[in-house]
């Protein structure tokens, strides 16, 4: 019985990984970015590329370490949403909002680098790639939401107008 559950759950998760690999990779990148901030209190001091981010974080009353933990927490929640999507139910609405929030995170990081040094640093291009990936994920999830039955999206419809 347990072997059947593990096999079925593993199969669903593998399908999710294949179909949503971009979301998983961007989430891992966010987690690792947060982890690097949480490990050291002086990452922002390492490069002028972080100067704008340092000013914005300080203006928000946060520390570099706190931002690292917040980003890691966000990534863990997103991992849970992606895992839930892969093991039990389709969750494009939750995935869409998580992709959108992650796109904002990458935009914030990219703009910090771009404002400081333009594309002279490799970070700007890398973070821009993650931003584009999250925009693609947001659009793809929005498309999946459009394919969902209306009753699931929060609107009730009568049987005559249902897609099912």
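None of the figures in this text is laboratory data; all of them are computed from the coordinates on show. Values in this document were obtained by computation on a predicted structure and should not be read as measured data. Methodologically, a virtual Cβ is constructed for each residue, glycine included, from the backbone with ideal geometry; neighbour enumeration extends over all protein chains shown.
When peptides 55-66, 113-124, 94-105 are ranked by their average number of other Cβ atoms within 10 Å per residue, the highest-first order is 94-105, 113-124, 55-66. Note that region 9-147 carries a Kirkwood radius of 15.6 Å, evaluated over its alpha carbons pair by pair. Taking 0.36 nm per residue of separation and subtracting the Cα-Cα distance, full extension of the segment from residue 77 to residue 132 would add 17.7 nm.
At q = 0.18, 0.19 Å⁻¹, work out log10 I(q)/I(0) for region 88-130 with the Debye formula, treating every Cα as an identical point scatterer and leaving solvent out; two decimals please. Per q value, in the given order, log10 I(q)/I(0) is -0.54, -0.57.
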